[in-house]
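What follows is a short report on a single structure.
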């Protein structure tokens with residue numbers, strides 16, 4: 001499965017202005033899993049079962065005002081379950097929030 005960056009990120013740009021500021025790579029993974037879920041006609045509960053978490057966690061991840069996000073272990077389990085590579089969940093190139101600037105660490 002591939003994500004068309006030109007179309008996907010133009011559509012999602014207003015969403016990224018949510019209360020919680022996610023890095024572009026975090027948003028990419030969330031969008032990839034959400035699209036995978038929709039394509040496979042799965043519910044949040046189904047995705048939660050696959051990675052061994054409560055359905056509320058998936059809701060929190062998909063709610064952009066919540067800081068919850070998938071980790072590498074989740075990506076690895078998704079990849080195994082769907083017959084994909086973990087790298088399929090990541091963009092083909094680095095996604096930087098502010099090119100040339102270091103992120104503030106809090």
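Modelled with pLDDT of 95 or more, exposed (fewer than 14 other Cβ atoms within 10 Å of the Cβ) and not in a helix (DSSP H, G or I): is that true of residue 106 in this structure? Working first, answer last.
Values: modelled with pLDDT of 95 or more: no; exposed (fewer than 14 other Cβ atoms within 10 Å of the Cβ): yes; not in a helix (DSSP H, G or I): yes.
Answer is no for this residue.
Within segment 7-21, is even one residue at pLDDT 90 or above and within 16 Å of residue 97 (Cα to Cα)?
Just the residues of segment 7-21 that are at pLDDT 90 or above, to begin with: none.
The answer is no; no qualifying residue exists.
If the condition is being in a helix (DSSP H, G or I) and either in contact with a helix residue (DSSP H, G or I) (Cβ under 8 Å, 6 or more places away or on another chain) or closer than 18 Å to residue 21 by Cα (or both), then segment 36-55 contributes 36, 37, 44, 45, 46, 47, 48, 50, 51, 55.
The values are calculated or read from the model by the stated rules, or taken from the named source; none is laboratory data. Keep in mind that what you see is a predicted model, and the values were worked out from it rather than measured. Cβ: placed from backbone, ideal geometry, glycine included. Neighbour counts: every protein chain shown.
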